[in-house]
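Data block below; observations after.
The values are calculated or read from the model by the stated rules, or taken from the named source; none is laboratory data. Everything quoted here is computed from the prediction, not taken from an experiment. All Cβ positions, glycine included, derive from the backbone under ideal geometry; neighbour counts span all protein chains shown.
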Amino acid sequence: MNYDDFFSDALARLREERRYRVFADLERLAGRFPRALWHSPDGPRDVIVWCSNDYLGMGQHPKVIGAMVETATRMGTGAGGTRNIAGTNHPLVDLERELADLHRKEAALVFTSGYVSNETGISTLARLMPNCLILSDAFNHNSMIEGIRQSHCEKKIFRHNDMAHLEELLRAADPNRPKLIVFETLYSMDGDCAPINAICDLAERHGAMTYADEVHAVGMYGPRGGGQAAQQGAMERVDVLEGTLAKAFGCLGGYIAAKASLIDAVRSYAPGFIFTTALPPAICAAATAAIRHLKTSSYERERHQERAARVKAVLSAAGLPVMMNDTHIVPVFVGDPEKCKEATDILLAEHSIYIQPINYPTVPKGTERLRITPSPYHDDALIDALAEALVDVWERLKLPLKARALAAE
Ligand SMILES: *Cc1c(COP(=O)(O)O)cnc(C)c1O
């Protein structure tokens, strides 16, 4: 048996399908975001990052860096164990209080990532409810799909954001059966939002529980950064809110927030919580600093929205096929995996612009795209340079451009 062949063959299959991925070797520069150093094959080069999920640049905020450094100096680096062994440190307790308050819930529970919080949170909750039926949005993230799979519960998928379909599935189910509706509040590939109140209306009418992934909304929406549920006035209505500390909060980790009894049950039953080492105190303190800052400062949120709107306007005026939405995500349609990859290669090599291609399976085949994420720190000059570079790439790859508007305003 040549075991090595199995892996080489697996990679060859990916290459054949144009799904083999290459990462750019980058060095982020604190204080200079979105500028970074690219360790290219020909040596280090300055580039502009246009695809970071550090949406608000909190990863370089002096308060956040300060909290991390100060806490690491005082408490050391690691947590010292799983929460059950020796890993509950005071900064983690503070962080969970901060998160419960952010979402106006009784309690919160922190995991080592948003992925783990969905995977182990959903599977644990669903397994604790006898014969639970899970209703899942068709566009849900892989971490939620894995959580559903691991619960071994029956699942029904409703068409993306389709309330009539969700209602039909709820109606068809036994009224006495426990039901869990699982969805995202902001879908990060298209930038569209869930109708949260409509989902909660249906949940109430049919006796279902709701679980919402707020990963792409926390810190960025709502008056204190509570997310889309806060923005849509539905925060009290959603039973379980899940979020990440790794995107707008610029750190690492994930969490759920809910009623105290539910949180205590997950704490007590979830393998992905129990059997893994807790987050380091310094990361907890840094995340708390970011959340606290964004609870009172609207500057980053407002500037973020303004910048995203400007990028959409400038790119559209240049004739580029922006997939329009009302959020901070700027998807630009390509519709071909090879051209998508080629476009990003040219952008990096010739325009010093870093954007990752978004291909299948992250998005459906035929809808390949560039996913651009403006931050408060992308200024007008950077936006104009982006538009120029994209038009150059579009012309060279013979991708369709719309008739251009006369002015870019
Ligand atoms: C990124 C992401 C996650 C995972 O969060 P991490 O903290 O990065 O593990 C979960 N859900 C969605 C929708 C995401 O995009």
Check region 194-204 and report whether any residue there is within 12 Å of the ligand (Cβ to nearest atom) and farther than 27 Å from Lys63 by Cα.
-> yes
Tell me, yes or no, whether region 104-119 has at least one residue that is within 16 Å of the ligand (Cβ to nearest atom), under 22 Å from the mean Cα position of the chain (by Cα) and more than 26 Å from Asn89 (Cβ to Cβ).
-> no
Could you grab the pairs with beta carbons closer than 8 Å, sequence gap of 6+ or different chains, first residue in region 238-260 and under 19 Å from Pro62 (Cβ atoms) and within 11 Å of the ligand (Cβ to nearest atom), second one hydrophobic (A, V, I, L, M, F, W, C) and part of a strand (DSSP E or B)?
-> Leu245/Val110
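Okay, residues lined up against (1) over 20 Å from the mean Cα position of the chain (by Cα); (2) touching a residue at least 24 places away in the same chain (Cβ under 8 Å):
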site: Phe7; (1), (2): yes, no
site: Gly31; (1), (2): yes, yes
site: Leu37; (1), (2): yes, no
site: Trp50; (1), (2): no, yes
Yes/no for Ala349 being buried (at least 20 other Cβ atoms within 10 Å of the Cβ) and part of a helix (DSSP H, G or I) | no
Filter region 261-277 for residues that are touching a residue at least 12 places away in the same chain (Cβ under 8 Å) and either of a type in the set (Ser, Thr, Tyr) or away from the ligand (no atom under 16 Å from the Cβ) (or both) and give the result.
-> Leu262, Ile263, Asp264, Ala265, Val266, Arg267, Tyr269, Pro271, Ile274, Phe275, Thr276, Thr277
Please verify whether region 151-159 includes one or more residues that are within 16 Å of the ligand (Cβ to nearest atom), surrounded by fewer than 15 Cβ atoms within 10 Å (Cβ to Cβ) and modelled with pLDDT of 95 or more.
-> no
Within region 270-309, work out how many residues are closer than 25 Å to Asp379 by Cβ, surrounded by 19 or more Cβ atoms within 10 Å (Cβ to Cβ) and out of contact with any Phe, Trp or Tyr (no Cβ under 7 Å at 6 or more places or on another chain).
-> 6
Out of Leu125, Leu133, sole residue that is under 25 Å from the mean Cα position of the chain (by Cα), buried (at least 16 other Cβ atoms within 10 Å of the Cβ) and away from the ligand (no atom under 12 Å from the Cβ) = Leu125
Within region 64-71, identify whether any single residue is part of a loop (DSSP other than H, G, I, E, B), at pLDDT 95 or above and under 26 Å from the mean Cα position of the chain (by Cα), and answer yes or no.
-> no
